[in-house]
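Only one structure is covered here, and it is reproduced in the block below.
The values are calculated or read from the model by the stated rules, or taken from the named source; none is laboratory data. It should be emphasised that the depicted structure is a prediction, and the values quoted were computed from it without experimental measurement. A quick note on method: Cβ atoms are made from the backbone with ideal geometry, for glycine too, and the neighbour counts reach across all protein chains shown. For the accessible areas, the whole protein counts, side chains as well, though only heavy atoms, and no ligand, DNA or RNA atoms are used. Shrake-Rupley method; radii C 1.70, N 1.55, O 1.52, S 1.80 Å.
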Amino acid sequence: MREKTWTAVATNVKLTEIQELNLPHVEPDAGILKVEIVGVCGTDVSYYRSLKEPMILGHHVVGHIYKIGEQASKRWGVKEGERVVMEEYIPCGQCESCRSGFYRLCPDTNPKLGGIRYGATPMSVDPALFGGFSQHMYLHPNAVIHKLPEHVEAVEAALTLPLSNGFEWMRIIGNVGPGDVVVIQGPGQQGLACALAAKAAGAETVIVTGRSSSQKRLELASKLGADYTINVSKEDLVKRVVEITSGKMADLVIDVTSGGTDPVISSLQVAKTRGTVLLGALKHQLFNDFDLDIIYNKSLIIKGVRGHSYESVQMAVEFVASGKFPLAIMNSHNYKLSDTDLALRTAGGEGEPSPLLVTVSPWL
Ligand SMILES: [Zn+2]
Ligand SMILES: [Zn+2]
């Protein structure tokens, strides 16, 4: 008889059903992960709200190798029982993006181009187990995995992927270093990850902004090491940054707020001359009355940032393994597999109150 696994399948818009599925036969170049914990990401919530095809969501996945083929074991350097963090990407390994180290931009791992990745692959793609909201997940031959020490608390390990974005955008792309002033717009998972990464990279002053509705997250930002927080619903952002920096303004600004184009404009305003502004969130709307001359006048560098590299995930693994920051305080809700639907609603602000990092532990 085939071995089976319990999984939470997103079957329709805002609907998740618990189903029992067969575990696949393991080919020499593939494997099966026993999922330990999954962090709920904003992307999961977007899929949950506008699902087009049934799929298993969840892509911030930590687990133990349950079964592994001989070839895969050699290639990945892992054995059954070892603990790993998964990346969401399943890149081809052969295209120009992959060959240049930017496998996160590989068309084969972009669901919008018919590609596959963890947490965004339809059930119709064999063997269907491509999501973390499940007791087991398929390890595709092109999966990207990182070993993780056993001593790391599960809820902290679930932060590895968001943290890796922080390291990618602050350290690798933003080149943050000692003495730098960094403004982070948006105190969600990504913003807090950026604050942690900027401090770890040596930034002198980290300023996190948010609205009154995110007051709790702003307080958390302070606990995690942000030097200043600014409530943009009550305070004038530009004026505050002038005060804090004595008019020097910010070396690096990142906008990771969801919705609204105003934070992009204020980001350009608080950047110093020759500063850098990173855009890390979709806006789904056009700009009105936007004076581009500010970019010319201040000789700004503006760059879109998406996802993480292998290197930044390694930085994040080492960061969580160091235990230097109280990351567990970011975990607001931890659910069992049967509550995956509630976990998605809570993460999207429609379930239980005050979400920050929401996790699912499928074996609870
Ligand atoms: Zn994510
Ligand atoms: Zn590729």
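Details
- Breaking point among (1) under 20 Å from Ala10 (Cα atoms); (2) open to solvent by less than 30 Å² (accessible area, probe 1.4 Å), for Glu350: (2)
- Taken residue by residue, the stretch 277-296 has at least one member that is touching a residue at least 24 places away in the same chain (Cβ under 8 Å), under 30 Å from Lys223 (Cα atoms), open to solvent by 30 Å² or more (accessible area, probe 1.4 Å) and not in a loop (DSSP other than H, G, I, E, B).
- One residue from Val78, Val84, Val35 being assigned to a loop (DSSP other than H, G, I, E, B) and touching a residue at least 60 places away in the same chain (Cβ under 8 Å): Val78
- In the stretch 42-69, the residues that are free of Cβ contacts under 8 Å to residues at least 40 places away in the same chain form Cβ pairs under 8 Å with partners that are β-branched (Val, Ile, Thr) and away from ligand 1 (no atom under 16 Å from the Cβ), at six or more places apart or across chains, as follows: Ser50/Val13; His64/Val84.
- Looking across the stretch 178-196 at every residue that is without any contact (Cβ under 8 Å) to a residue 40 or more places away in the chain and open to solvent by less than 10 Å² (accessible area, probe 1.4 Å), the one that is nearest to Thr43 (Cα to Cα) is identified as Ala193.
- Among (1) touching a residue at least 40 places away in the same chain (Cβ under 8 Å); (2) assigned to a strand (DSSP E or B); (3) open to solvent by 10 Å² or more (accessible area, probe 1.4 Å) - the single one Glu17 does not satisfy: (1)
- Matching residues in the stretch 223-252 - criterion: being open to solvent by 60 Å² or more (accessible area, probe 1.4 Å) and closer than 12 Å to Val206 by Cβ: Asp227, Tyr228
- Residue in the stretch 105-117 that is over 25 Å from Leu344 (Cβ atoms), within 16 Å of ligand 1 (Cβ to nearest atom) and under 17 Å from the mean Cα position of the chain (by Cα) present: yes
- Of all residues in the stretch 130-148, those that are within 25 Å of His333 (Cβ to Cβ) and out of contact with any strand residue (DSSP E or B) (no Cβ under 7 Å at 6 or more places or on another chain) total 0.
- Checklist (1) in the same structural domain as Ala203 (by TED's automatic domain parsing); (2) under 27 Å from Ser233 (Cα atoms); (3) open to solvent by 30 Å² or more (accessible area, probe 1.4 Å) applied to Asp255, failing item: (3)
- Note on the stretch 32-53: residues that are over 30 Å from Lys79 (Cα atoms), more than 14 Å from ligand 1 (Cβ to nearest atom) and open to solvent by 60 Å² or more (accessible area, probe 1.4 Å) amount to 4.
- Within the stretch 251-274, considering residues that are in a strand (DSSP E or B) and under 21 Å from the mean Cα position of the chain (by Cα), the one nearest to Val181 (Cα to Cα): Leu252
- With respect to (1) of a type in the set (S, T, N, Q); (2) within 16 Å of ligand 1 (Cβ to nearest atom); (3) in a loop (DSSP other than H, G, I, E, B), the lone exception for Gln94 is condition (2).
- Flag for Ile68 being open to solvent by less than 10 Å² (accessible area, probe 1.4 Å) and more than 16 Å from Leu344 (Cα to Cα): no
- Elements of type helices (runs of 4 or more DSSP H) contained in the stretch 152-249, each with 3 or more residues being among the basic types (Lys, Arg): 215-223
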